[in-house]
Amino acid sequence: MEEVKFNFEDLKVYQKALDFIDYTYSLTAEFPREELYGLTSQFNRSAVSIALNTSEGSGDTDAQFHRYLQAAADSVRECVTCSTVAFRRKYIREEENKKARLMLLEILKMISSLQRYLKSKKK
């Protein structure tokens, strides 16, 4: 059977976002049970939001895609805060926090580059 593939799945930033989702889910699986509806849920939803906004916006106009990428960037920043809180609460180790932050920085740079590209197309 032929593989069904969508254009946004080729975006490197989308692939990196999926990798981060996997990482976040593995981290939050170890969080205390009392965080299930708090930090665990928020961290996972924020991570998923990066990929969701990237994919959803890619099928729209460049201006709309730029807006969706801004929402994805906002979710990146939210994940930074979640990771910081998890580290401060001792739910994750320093190296896990650092890895999350490095992954998020890479994603944010890719989002910014894509936004700059979209703006340059308008000129």
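The values are calculated or read from the model by the stated rules, or taken from the named source; none is laboratory data. Every value quoted in this text rests on a predicted model; they were computed, and no experiment measured them. Here the Cβ positions follow ideal geometry from the backbone for every residue, glycine too, while neighbour counts run over all protein chains shown.
Just so you know, in segment 79-123 the residues that are assigned to a loop (DSSP other than H, G, I, E, B), at pLDDT 95 or above and not aromatic (F, W, Y) include one that is farthest from S41 (Cα to Cα), and it is R93. Scanning segment 67-98 for residues that are more than 22 Å from Y37 (Cα to Cα) and not small (G, A, S) returns R67, Y68, L69, Q70, E94, E95, K98. Checking every residue in segment 68-78 against the condition of being modelled with pLDDT of 95 or more, not in a helix (DSSP H, G or I) and not β-branched (V, I, T) gives zero matches. If the condition is being free of Cβ contacts under 8 Å to residues at least 60 places away in the same chain and under 17 Å from the mean Cα position of the chain (by Cα), then segment 87-123 contributes N97, K98, R101, L102, L105, L108, K109, S112, S113, Q115.
When you scan segment 1-49, how many residues do you find that are among the charged types (D, E, K, R) and under 25 Å from R88 (Cα atoms)? I'd like the intermediate steps shown before the answer.
The initial filter retains those residues of segment 1-49 that are among the charged types (D, E, K, R), namely 2-3, 5, 9-10, 12, 16, 19, 22, 30, 33-35, 45.
Filter again for under 25 Å from R88 (Cα atoms), leaving 19, 22, 30, 33-35, 45.
So the answer is 7.
For S58, indicate whether it is of a type outside the set (V, I, T), more than 19 Å from R77 (Cβ to Cβ) and surrounded by 17 or more Cβ atoms within 10 Å (Cβ to Cβ). Give the derivation first.
On the way: of a type outside the set (V, I, T): yes; more than 19 Å from R77 (Cβ to Cβ): yes; surrounded by 17 or more Cβ atoms within 10 Å (Cβ to Cβ): yes.
Considered against the rule, which asks whether it is of a type outside the set (V, I, T), more than 19 Å from R77 (Cβ to Cβ) and surrounded by 17 or more Cβ atoms within 10 Å (Cβ to Cβ), S58 comes out as yes.
Taken over segment 47-62, the criterion of being in a helix (DSSP H, G or I) and either within 12 Å of the chain's Cα centre (by Cα) or touching a residue at least 24 places away in the same chain (Cβ under 8 Å) (or both) is satisfied by A47, V48, S49, I50, A51, L52, N53, T54, S55, S58, D62.
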